[in-house]
1. Give me, ordered by chain and number, the residues 5 or more places off Ile133 or on other chains with an amide H under 5 Å from its own placed amide H.
2. So which of Lys96/Lys372; Lys155/Lys246; Lys42/Lys126; Lys220/Lys297 end up more than 23 Å apart by C-alpha?
3. Given 20 °C and 1.002 mPa s, how large is the Stokes-Einstein diffusion coefficient of region 7-372 in µm²/s, with Rh as the Kirkwood radius over Cα pairs?
4. Enter the mean projected area of the convex hull around the alpha-carbon atoms of region 170-271, in nm², rounded to one decimal.
5. So, in nm, how far is label Asp339 from label Lys36 when the simple model puts each one 7 Å beyond its Cα toward the Cβ?
6. Please give the solvent-accessible surface of Arg338 in Å², to the nearest 10, using a probe radius of 1.4 Å with every protein chain present.
7. Could you tell me what percent of the DSSP beta bridges with both partners in the chain are antiparallel, to the nearest 5?
8. Counting other C-beta atoms within 10 Å, and keeping those with at most 12, which DSSP coil GluC sites (Glu not before Pro) do you find in region 59-97?
Amino acid sequence: MIVSPKIRGFICTTAHPDGCAAHVQEQIDYVKSKPKLENGPKNVLVIGASTGYGLASRIVPAFASGANTLGLFFEKPGSEKRTGSAGWYNSAAFEKAATAEGLFAKSLNGDAFSHEMKAQAVDIIKNEMGGKIDLVVYSLASPRRTDPDTGEVYKSVLKTTGGDYTNKTLNTDKGEVEEVTIGAATPEEIEHTIKVMGGEDWELWMNALSDAGVLADGVKTVAYSYIGPELTWPIYTDGTIGQAKKDLEKSCAQLNEKLSSLNGEAYVSVNKALVTQASSAIPVVPLYISILYKEMKEKGLHEGCIEQIERLFADRLYSGDAKLDEAGRIRIDDWEMRDDIQSAVAEKWKTVSNENFSEIADFQGYQDEFLKLFGFGLEGVNYEADTDPATGVPSIAE
Ligand code: NAD
């Protein structure tokens with residue numbers, strides 16, 4: 001099949017198997033170009049392992065520290081007639097590359113919020129990974145969650161928690177700057193967003209793993225958050241998603257208490273704003289990212305998911321000094337939040353319009369990275385050639 005991008009709003013409904021493999025290989029090559037991780041993890045579970053920050057969090061321990069990895073995700077396999085999702089092809093490529101280097105790599109495709117997935121992960125850790133894991137990365141981004149006990153479905157919303165909020169945004173289809181007004185969430189919507197994107201499920205995972213006795217002494221766990229500049233606070237930090245991230249921090253404190261008997265550590269890492277499938281759905285953020293990229297690239301500070309996560313592991317999680325902020329969080333968004341970067345972005349934000357957008361923002365960079373998420377625009381991939389949409393993830397029998 002010849003596969004080309006089909007973009008609908010902020011998603012691309014096709015993905016290129018060879019392009020996704022090339023994207024994964026690019027990230028593996030980056031990790032291999034960096035020093036090996038001293039005292040890095042050896043048996044890792046990544047929840048949300050197929051795209052974005054979670055995929056990078058699987059690649060780094062595998063290729064910097066020789067870790068066995070169990071990756072969990074919710075992706076669509078391809079068939080002879082239809083392409084699968086990018087995360088499916090990414091995981092296929094990751095497993096092939098890892099096993100080629102003699103690393104154990106197994107994947108589970110299903111709903112991470114369910115009891116079944118937790119039980120399956122425990123079985124694999126017990127039976128195939130030597131019985132203990134020393135790192136759990138929690139990197140889910142999901143629009144909904146089914147409560148595993150009650151069956152109730154919760155949906156997250158991207159709204160403010162105050163009144164209406166109007167600001168500039170980017171229409172990524174047209175490449176135009178527009179105004180958007182985001183309404184306030186109801187108390188129920190806030191509660192639902194916390195249920196989906198807060199810390200409850202992270203705690204359920206750690207409890208299930210702890211109860212099963214599969215957490216190693218000195219185990220670490222990390223979940224990801226975002227703060228960003230004031231201009232996005234009404235929609236992010238002070239919005240519904242920000243309330244969920246505050247809940248994640250509460251869970252982190254609970255987990256630190258729980259894990260102390262194992263000399264374990266739980267962290268929330270605040271990461272940089274990046275183009276991922278999750279972030280492209282948030283109003284205002286893609287415009288901010290386009291301006292931010294331009295500024296950070298000019299100053300030689302730009303990083304993608306793999307550079308962020310490599311730095312997180314090497315300089316924070318496994319450096320002996322996680323350099324926590326006053327609220328106890330890891331700040332790998334430190335370069336994004338530098339005063340010189342933020343004041344330049346704020347200045348540009350005031351004046352950005354359709355007339356000057358292409359000069360002051362890196363929309364090309366935004367679009368290129370968006371397409372890369374789905375395996376398009378990768379060097380060395382022949383997009384005119386037939387590719388196999390039914391490419392499978394080796395450890396998952398369909
Ligand atoms: P992403 O969309 O690239 O990845 C989401 C992952 O979750 C995928 O592997 C997907 O398969 C998996 N997933 C979703 N629902 C699932 C389910 N029900 N069961 C199993 N797996 C499921 O997202 P991302 O941007 O990498 O976000 C990961 C985390 O990083 C989120 O907590 C997000 O808030 C945080 N973060 C993102 C940014 C950013 O700018 N993208 C910045 C800072 C922090």
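1. Close amide H contacts, sequence-distant or interchain: Leu215, Ala216.
2. Violating the 23 Å Cα-Cα cut-off are Lys220/Lys297.
3. Rounded, D is 102 µm²/s.
4. Details: hull surface 33.6 nm².
With the hull built on Cα positions only, its mean projection is 8.4 nm².
5. Label-label distance for Asp339 and Lys36, simple model: 4.2 nm.
6. 90 Å²
7. Values: 13 of 41 bridges.
Taking every DSSP beta bridge with both residues in the chain, the antiparallel ones total about 30 percent.
8. Working: sites: Glu75, Glu80, Glu95; in loops: Glu75, Glu80.
Answer in residue order: Glu80.
The values are calculated or read from the model by the stated rules, or taken from the named source; none is laboratory data. Model, not experiment: these values are computed from the prediction. Positions of Cβ are backbone-derived with ideal geometry, glycine not excepted, and every protein chain shown enters the neighbour counts. Heads up: the accessible areas ignore ligands, DNA and RNA and are worked out on the full protein's heavy atoms, side chains in. Shrake-Rupley method; radii C 1.70, N 1.55, O 1.52, S 1.80 Å.
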